[in-house]
Structures are given as C-alpha cells and as structure tokens.
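Peer 1: Below is one structure. I have some questions about it.
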Amino acid sequence: MRDDPVVEAVDLSFRYPGADADTLRDVDLTIRRGDFVAVVGGNGSGKTTLCKTFNGLVPHYWSGEFAGAVHVAGTDTWESSVARLSSSVGYVYQDFQNQLVRPTVRDEVAFGPVNFGLADHAERTQEALEKAGIAHLADRFVWQLSGGQAHLTALASVLALRPEVVVVDEPVAELDPAAAVEVYERLSELHREHGVTVVTIEHHAEFIARYASSVLLMSDGAPVWHLPTAEALARAGELAEHGIPAPQVVEALARLGVEGVPRSPAEAAALVRTAESRGALRRSGPRTEPRTRTTPAPPARAVAAARGVSHGYRSVGGDLQPVIDDLHLELLEGDRVALVGGNGAGKTTLMRLLAGIQVPRSGTVVLDGVDTRTERPHRLAERAAYLTQRPERMFLKASVREDVELFPRSRGVPDVDALVDRILDRVRLTAFADRDGRTLSGGQQRRATLAIGLAMRPALLLLDEPTASLDVGSRDDVIAMLAELSGSIACTVVATHDMHLVAEWATRVVVLDGGHVLADTTPRALFADPDVLARAHLVPPQVAQLGTELGLDPLPLTVAELAAHFTTVPLGVPA
Amino acid sequence: MSVARVQRDVLSVEWVKLELIRTAYATRGGLFAGMDPRAVVGWYAAMALAPWFTHNLTTVACLFVVAAAAVVLARVGPLVLGLFVIGLVLELVYLALAATLFGGDLTAVVALLEVTAKLGVLSLASLAAFVSLDPEKLSDALLALRFPPAVAFAVSYGYRMMPILVEEFATVMEGYRLRQLPPQQRGLLGWRVVVHWAVVAVKAFYPIFLNTAKSVRTTVEALEARGFTFATIDPRGRAIRIGSLRLGPLDLAVLAVTAALVAGCYAAGAQWPLHRS
C-alpha cells in the first residue's frame, strides 16, 4: 500500500437544503491510495452522504450548506464538477438497478466513455467488462440479468472511466449471499491487481473481516475512528453500539475466553484448538438442551398443501421457462417455515401459488381446505397474506393507518378502528400511523407491511425476504416480531437468504433448487449436511461453521449453544 | 359464483409487458430491423406523407395496401396490431353513428372515410417503422438528424422505463385486487364493478408515481456522474454515436422499392380515379 492520500477531507460539514441539522459534522478523514475501506455506522450516521462528497454529488448536485474541503486525487471537489470527478471516483448505488440506463450491457458500460467522447471508448468498454467478469454478458438486455449480474454491470459501467476510487454502497443489501461474495471477490481483485482504492458501505462484519483492510466508523455525521480491520474488529463492543455486531466467531471466542480476532471460522477453530491443547478450554456435553421440537407432534392440521405443482412463465422469446416442477409440499399448523435457495430457485413463485394469487399450470394447491383454482384471489386473501419483498410496493394509501385498515374495512369487519390500533401498537408504529409508509426507515417499513398482513388475519402468512436490506438492529427487531406472532398465525413461511434468520427463528427449512424440494428438514440438520448446502449454494451462520470445524454434536445454532459445549478452565488450574 | 382459474398466457398483464418489450426492442426481427435507422425514418416520412397529397381514393387505398404489407414484413406483434384494428373499427362505427344521428347521409361517411384511411396509412407506417427501431437506433437516428441530445435520450430512456411502469402498475392493481373487496352487487351490466376498477386505476397513480420518483433520483445522479450533461455540451460523444451508422444496399433497395410503389399508387390513381362526388 502506498502512503499518499487519494481522498482527503478537512473540516467537512454539510447540511441538506431544508434540513434542520448537519448531516456531516467537521469530518477530518484521509483514505490512502490502494486501501480497501469499509465504512460502517448505524442508519442516518451520514455514511452515504460522506461517500457522495467523494465524487462531487455533494456539493454540486445536492447544493446544501457545504463547509470545509474535500480533495480527491489532488483535485479540490469544490472547484471541479461531477462529470470531471467521475474519472477519479466511480459510485455504485445500493439500488443499482436504477443506475442502469441503457438497454444492453455493452451500451451501458460504454455510456460513460462515449458521453465523454473518449476515442478509446471501445477498448475501455471491453476492459471494464473483463475486469467485472461479465464479458460473456455484453449483448444481454439489462432486464434479463440476475441481481448479481446487474450489480457487476453497474460496477463495470463506472470502471470504464478508469477511476482510482470505487465506492460501493451496501452491495450485500439487495443481493443473495452467493452474488454478494462474487461482487466482493471482484472488488478484491480490482484492489489487489489493479491498485484501485475500494470504499464499501457495509453492515456485515463477516464481509468486513474477510475483505476490508481498514474500517471507518461513522456516528452522527462524523468519523469516530479509522483503524486497520483487525484492530477495528477487536473493538467489538463499540461496533455493536453502532449497530454492527461482531462476526459470530469473534463473539463466540470472546464468550469462550479465547484471545484473538479470527477473520474466518477456520481461524477461529484453530484458536479454539490451541486453547484446548493448552488446557484453557475443555469440552463438555452441552449443558442446555438445544432447541428441538419437544411436543410429540399431535396430528397437526394442514394449512396449505401443494400436490404435483408445476408452474412457469413465458420469456420474451415466447418459450415457457419452468420455475416450479412437480413440487409436493404440506405446511402444517404451528410450522415456522424458512424457504431457502438461490435466486431463481422458485421461492417467490411458490409463495404466490400458495397464497392463491396465481394458480399453477398443473397440479393443485389447497389453501386452508380450499382448492385455489375454485376461488377468487380476493377471497383467498382472507386465508393467506403475501408480503412482497419491496415494502413500498404494499403502500397504496397516503398513511400507514389507511393501508392497514384497507382490507378489514372493505370487508366490513366489526370494530376496525380498535383492531387497527391494536395491530399498530403491536408492531410499535402507533407514533407513525399517520405518516406515508414510503417515508419510514427500512425496519419501520417492514413492520408496517407486517401490520398490513396481520390486519388480513390470515391462517397462512407468507413473507418474501423480510430482512433484506435491513441493518442488523432492525433485522433482529423483525425476527423478534416474527417470533411473537406465532400465537395468532397458524403457519408462517419466510423466503430468505438470511441464514441467521433461519437459525434463530425457523423450526423447519424447505430448500428449493431448480423448482424441486431439495431438502425438507430442521435448520440444525440442514447446516450439518454439506451436500445440500453445496448444491443450494447456502452458507451456514459462522457459529454453525465453527461447530462443524470442531466436530461438535449437536451442531450449535447460536453462540450460547456453542458455549454450552465447553468449560472454561480458570488460569493456573491444571487441566 | 363458481370459477375455474387458469394461468393465461395472452391478454394478461405479464403478456402485455412481454409484448411491450418485444415491440420496443424489435426482438421479432423483420425487414426494417436490419436497416440503418436514418433510412427507416426516411422511409417512414415518405409513407406517412404520401397519402396527404391527394384526394384520390384509389391512390389512398393502394397506399393502405402497401402500408399493410410493410406491417406484415416488419412482423408487428399482436398487441399493437390488435389495438390498431380495434381503434380503426371503433372509429368507423363512431363515424357511421355520428353521420346518421346528425342527419347526414352516406356522403358524409365517405368524406370522413377518406381521412380515416389516410390516418390508417400513417398509423400502419408508424407501426412498421417504430416496431423495427429499437430505442437505441431511434435515438441515434434522431441525433444524426440533429435533434437535441436530451430528446434523443428521452426516447431511449422512455423505452427503458416502460416495462418498469407496467410492472409497478400491475403490482399496485394486484394490491388493490387482493386487499379491497370489489362491490358485491354488480349492478346493471356490472356497472358498479366497472366504476370500482376505474376509481382504483386512478388511485393507483399515487403510489406508482411516488415509487417511481424515488428510484429516478438515483438514475439522475448516475446520469450526471457518467457525463450525460457533459455530452450535451461536448460534440465528441455525438460523433462517436452516429459514427457507426452506415447506409447499406438493403437501405437503398428498400427506399427505391418504396419510392417505386408510392409512384405506382399515384399512377394507379391516375389510371382509375375515384373521387367522392
């Protein structure tokens, strides 16, 4: 790493036009050329605004009150312009889909160089496509791309201007884990082999530990510290305070009293083994019984069933693309089902079929005793509620309250006001009831859609990626709320990529792969089954990986369960 | 009410979306899709203007046939063609009704028929031309013809927004369909249901526009960062864009044949003139 700064902010303050308070306050910051910086901090800490000062969007596009100075690659951003700075700084947005403005991938990547009238635009385009690893997709239309491919296209389109700094805003938020790893691998390669300075905004400590070389913690519009990754992760308590819980392995080792900041489960396992060989740690049977289904299963009622279901969609070319293929599944009362599998495995389609929004091309879906083919969707909505992946798509009205009461009021449910009050209170949104749902934070939006679903009083509640693009605090909030609901909903199904959600909440996991049920089991059994994990591209939570590395049985799903496998031997006492 | 729901492949929202994409990006191919966009625009101008220089019904009818042949060669999809036919038929019905109700006779219908036929030629030519031009080609052609860059970009971006808007609309309508009960008494000819859906369709615009506006903010920032405004001042970008346009033998052949056919239509009109008296 060379020592010269590529980004330098001095006494930087910024206030958005019309805002009551500064979003950035007296920021002093240096990013060295060739660094891989993870910017962390809670919602509203000014991370995104800070990154927008690097490419001049602040103050040239957002003309608020700007004080201090930012130098990027030697240029004062105040004196420069967004267009000129774009050859120094590339920016990939969190909602990168909206960043794509041209129909084909090659056009999209060439857009910048052609606009700037660069004679070598064709070479730059080809080079950027190769750096992002998407040369084979060059002639695809952007709406044919998967999320991961679209993200890499957005990355390639900024790389075509050969920037020295690339800023990536929360790549993990909108991608499935496999795609997120792919994006990080590409960024890592750019950083290693092409010397590009990478700045990512990231909530996930696991990615920070694996890829970043330094961590910048933001709080309340100012940096708290900027430290090398190992030192930063060692300050687990401080990170947790700002909504970035330590990686599970770091937490687990702290709990076991083992020194060290492991960057991966393998490193953690090595540290634990060393501690064991030194006699500082001893294995014991787990003291607390791990969570299992203890009730000797009374014959539970089937809430929904799919029998021999096949479904597919027409493509632009006119041919039928199968999504679900001869699928059998029965959901029982009391089940907390996690539906997992890669993008395109058919999770959303299956949920829409189970909710009766669509009917299958062949086979039958029986919802709460009714064949979905024989009943209108609005009648089936009284039995099953499906909550979309993007919460704002469920906000039809001008306030959360109106949205929640839409369903019960139009069905003449008695005493709607009391019902809605109760539900809003339950999801802790009473104070926000008169706000437009779109103006709420990510976690509040999720809770608002949950309220809409609860007001439908369904037997089957289906949620599509309820924890996607949430910071860790809001995510835990949603998981806790789901757990509380078990009393009022007969069966809840959650489609998710979030293995922490699977480990902490689900009692049953259905793994979809290529439109089939690849496995239908418990989270513990799933995480112990390497074949299924590999086929469905699933990565277990770190604590389960650590458990596997150490050969623990039963496999721990939480840090507490892992700790129960060990006894700490006090120092000085011979083992 | 007993129902038996099935998955439909045509006349569903999903189908409309696919048809829009197929139409916008000329995925069906066709004669004009392989041509230089400037030649297509030229061809369109010739066909669209041709019927307006005559009152000879024979000429107009011949031009109509030529335009219809062009639509077949351009492989226009069922959605836009269907909309065109419905529009034309409704227009004819309306004309006949209006003429009889307001005490006119058949001459009024014939007079209006001429205008309708000319508009028909124009519409058919538009279908053939714009179905064959994907937005990129169209915007390059507009740039080459010295339209302002913002107009050229708006065309290409407008096309990209279309499937997004259709999808937003479908999602919002689905939300209403599931969450708001339609009226239980259907009324005469189901008028209550019709009014219900008309009201919902209007209400749907509120969430659609708010959701779209939110996502467009990112788009505008990204455009700025990638030199879109810069390209409107600096001419080099335009030079690169239109540098790849080449007129080939196919373009010249199609233009020559079209010129010959239009001349033929006028010749036929001169040979067998038919004017409304």
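The values are calculated or read from the model by the stated rules, or taken from the named source; none is laboratory data. Computed from a predicted structure; not experimentally measured. Note: ideal-geometry Cβ built from the backbone for every residue, glycine included; neighbour counts use all protein chains shown.
Condition check ((1) crowded, with 19+ Cβ neighbours inside 10 Å; (2) assigned by TED's automatic domain parsing to the domain that holds A:LEU460; (3) not in a helix (DSSP H, G or I)) across all residues:
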residue: A:TYR386; (1), (2), (3): yes, yes, yes
residue: A:ALA398; (1), (2), (3): no, yes, yes
residue: A:PRO408; (1), (2), (3): yes, yes, no
residue: A:GLY412; (1), (2), (3): no, yes, yes
residue: A:ALA418; (1), (2), (3): no, yes, no
residue: A:LEU424; (1), (2), (3): yes, yes, no
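Each row is one residue, and each column tells you yes or no for (1) among the small types (Gly, Ala, Ser); (2) facing chain B (nearest Cβ under 8 Å); (3) crowded, with 24+ Cβ neighbours inside 10 Å.
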{"position": "A:ASP76", "(1), (2), (3)": "no, no, no"}
{"position": "A:SER81", "(1), (2), (3)": "yes, no, no"}
{"position": "A:SER88", "(1), (2), (3)": "yes, no, no"}
{"position": "A:VAL101", "(1), (2), (3)": "no, yes, no"}
{"position": "A:ARG106", "(1), (2), (3)": "no, no, no"}
{"position": "A:PRO113", "(1), (2), (3)": "no, no, yes"}
{"position": "A:GLY117", "(1), (2), (3)": "yes, yes, no"}
{"position": "A:ALA122", "(1), (2), (3)": "yes, no, no"}
{"position": "A:GLN126", "(1), (2), (3)": "no, no, no"}
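Peer 1: Specify which of the listed residues (A:GLU392, A:GLU402) is under 16 Å from B:TYR176 (Cα atoms) and surrounded by fewer than 18 Cβ atoms within 10 Å (Cβ to Cβ).
Peer 2: On the way: A:GLU392 fails: surrounded by fewer than 18 Cβ atoms within 10 Å (Cβ to Cβ).
Step by step, each of A:GLU392, A:GLU402 is checked, and only A:GLU402 is under 16 Å from B:TYR176 (Cα atoms) and surrounded by fewer than 18 Cβ atoms within 10 Å (Cβ to Cβ).
Peer 1: Just give me the residues in the range B:239-251 being part of a helix (DSSP H, G or I) and either more than 9 Å from every other protein chain (Cβ to nearest Cβ) or in contact with a helix residue (DSSP H, G or I) (Cβ under 9 Å, 6 or more places away or on another chain) (or both), in sequence order.
Peer 2: Step one: list which residues in the range B:239-251 are part of a helix (DSSP H, G or I), which gives B:239-243, B:249-251.
Answer for the range B:239-251, where residues must be part of a helix (DSSP H, G or I) and either more than 9 Å from every other protein chain (Cβ to nearest Cβ) or in contact with a helix residue (DSSP H, G or I) (Cβ under 9 Å, 6 or more places away or on another chain) (or both): B:ILE240, B:ARG241, B:ILE242, B:GLY243, B:PRO249, B:LEU250, B:ASP251.
Peer 1: Sort out which residues of the range B:178-195 are free of Cβ contacts under 8 Å to residues at least 12 places away in the same chain and facing chain A (nearest Cβ under 7 Å), and write them in order of number.
Peer 2: Correct list: B:LEU178, B:ARG179, B:LEU181.
Peer 1: Give just the number: which of (1) within 30 Å of A:GLU238 (Cβ to Cβ); (2) free of Cβ contacts under 8 Å to residues at least 40 places away in the same chain; (3) in contact with a His (Cβ under 8 Å, 6 or more places away or on another chain) does A:LYS52 not satisfy?
Peer 2: (3)
Peer 1: Could you run through the range A:16-62 and say how many residues are under 27 Å from A:SER474 (Cα atoms), modelled with pLDDT of 90 or more and of a type in the set (D, E, K, R)?
Peer 2: Result for the range A:16-62: 4.
Peer 1: Further, regarding this structure: Out of the residues in the range A:155-212 meeting the condition of being within 14 Å of chain B (Cβ to nearest Cβ) and assigned to a helix (DSSP H, G or I), tell me which one is surrounded by the most Cβ atoms within 10 Å (Cβ to Cβ). If you could, list the steps in order and put the result at the bottom.
Peer 2: We begin by selecting, within the range A:155-212, every residue within 14 Å of chain B (Cβ to nearest Cβ); these are A:155-163, A:165-170, A:173-174.
Within this subset, residues satisfying the condition of being assigned to a helix (DSSP H, G or I) are A:155-159.
Values: A:LEU155: 27, A:ALA156: 28, A:SER157: 31, A:VAL158: 26, A:LEU159: 27.
The residue in question is A:SER157.
Peer 1: Follow-up. For A:GLY148, are the conditions met, namely being surrounded by fewer than 23 Cβ atoms within 10 Å (Cβ to Cβ), in the same structural domain as A:VAL167 (by TED's automatic domain parsing) and of a type in the set (Gly, Ala, Ser)? Before the answer, list the steps.
Peer 2: Working: surrounded by fewer than 23 Cβ atoms within 10 Å (Cβ to Cβ): yes; in the same structural domain as A:VAL167 (by TED's automatic domain parsing): yes; of a type in the set (Gly, Ala, Ser): yes.
Yes: the conditions hold for A:GLY148.
Peer 1: Still on this structure, please answer the following. Of the residues in the range A:351-384, how many are touching a strand residue (DSSP E or B) at 6+ places or on another chain (Cβ under 9 Å) and either assigned to a loop (DSSP other than H, G, I, E, B) or of a type in the set (A, V, I, L, M, F, W, C) (or both)? Walk me through it before giving the result.
Peer 2: First, pick out the residues of the range A:351-384 that are touching a strand residue (DSSP E or B) at 6+ places or on another chain (Cβ under 9 Å): A:351-369, A:371-373, A:375, A:379-380, A:383-384.
Subset that is either assigned to a loop (DSSP other than H, G, I, E, B) or of a type in the set (A, V, I, L, M, F, W, C) (or both): A:351, A:353-361, A:365-369, A:375, A:380, A:383-384.
The total comes to 19.
Peer 1: With the requirement that a residue be of a type in the set (S, T, N, Q) and more than 10 Å from every other protein chain (Cβ to nearest Cβ), what does the range A:343-370 give you? Outline the logic, then answer.
Peer 2: If we filter the range A:343-370 for residues that are of a type in the set (S, T, N, Q), which is where we start, we get A:343, A:348-349, A:358, A:362, A:364.
If the condition is that a residue be of a type in the set (S, T, N, Q) and more than 10 Å from every other protein chain (Cβ to nearest Cβ), then A:ASN343, A:THR348, A:THR349, A:THR364 are the ones that fit.
Peer 1: Across the range B:198-238, what is the total count of residues that are in a helix (DSSP H, G or I), more than 25 Å from A:PRO391 (Cβ to Cβ) and either facing another protein chain (nearest Cβ under 7 Å) or without any contact (Cβ under 8 Å) to a residue 60 or more places away in the chain (or both)? Quick ask: steps written out before the conclusion?
Peer 2: Restricting attention to the range B:198-238, the residues satisfying the condition of being in a helix (DSSP H, G or I) are B:198-203, B:205-225, B:228-233, B:236-238.
If we keep only those that are more than 25 Å from A:PRO391 (Cβ to Cβ) too, we end up with B:198, B:223-225, B:228-233, B:236-238.
Those left that are additionally either facing another protein chain (nearest Cβ under 7 Å) or without any contact (Cβ under 8 Å) to a residue 60 or more places away in the chain (or both): B:198, B:223-225, B:228-231, B:233, B:236-237.
Result for the range B:198-238: 11.
Peer 1: Here is a further query. Which one of these is over 18 Å from B:PHE130 (Cα atoms), part of a helix (DSSP H, G or I) and without any contact (Cβ under 8 Å) to a residue 60 or more places away in the chain: B:ALA69, B:ALA108?
Peer 2: Working: B:ALA69 fails: over 18 Å from B:PHE130 (Cα atoms).
When all the criteria are applied, what remains is B:ALA108.
Peer 1: Would you check if there is a residue in the range A:97-120 being outside the structural domain of A:THR467 (by TED's automatic domain parsing), under 30 Å from A:PRO540 (Cα atoms), in contact with a His (Cβ under 7 Å, 6 or more places away or on another chain) and at pLDDT 90 or above? First the steps, then the outcome.
Peer 2: Going through the range A:97-120, the residues outside the structural domain of A:THR467 (by TED's automatic domain parsing) turn out to be A:97-120.
Restricting the remaining residues to those that are under 30 Å from A:PRO540 (Cα atoms) gives A:97.
Of the ones still in play, those that are also in contact with a His (Cβ under 7 Å, 6 or more places away or on another chain) are none.
No, the range A:97-120 contains no residue that is outside the structural domain of A:THR467 (by TED's automatic domain parsing), under 30 Å from A:PRO540 (Cα atoms), in contact with a His (Cβ under 7 Å, 6 or more places away or on another chain) and at pLDDT 90 or above.
Peer 1: Got a number for residues in the range A:527-554 being farther than 21 Å from A:ARG263 by Cα, without any contact (Cβ under 8 Å) to a residue 60 or more places away in the chain and of a type in the set (A, V, I, L, M, F, W, C)?
Peer 2: 4
Peer 1: For B:ARG160, state whether it is modelled with pLDDT of 85 or more and at the interface with another protein chain (Cβ under 7 Å from one of its Cβ atoms).
Peer 2: Values: modelled with pLDDT of 85 or more: no; at the interface with another protein chain (Cβ under 7 Å from one of its Cβ atoms): yes.
So B:ARG160 does not fit the description; no.
Peer 1: Also, quick follow-up: Are there strands (runs of 3 or more DSSP E) fully within the range A:1-116 with at least 3 residues that are within 30 Å of A:GLN149 (Cβ to Cβ)? List them. Let's see the steps before the verdict.
Peer 2: Details: elements: A:5-15, A:24-32, A:36-40, A:65-72, A:89-92.
Fully inside the range A:1-116 and qualifying: A:36-40, A:89-92.
Peer 1: Among the residues that make up the range A:379-397, is at least one of them aliphatic (A, V, I, L, M), more than 26 Å from the chain's Cα centre (by Cα) and away from every other protein chain (no Cβ under 11 Å)?
Peer 2: Within the range A:379-397, the first condition is being aliphatic (A, V, I, L, M), and the residues that meet it are A:380-381, A:384-385, A:387, A:394, A:396.
Filter once more, so that each one left must be more than 26 Å from the chain's Cα centre (by Cα): A:380-381.
Narrowing further to those that are away from every other protein chain (no Cβ under 11 Å): none.
No, that holds for no residue.
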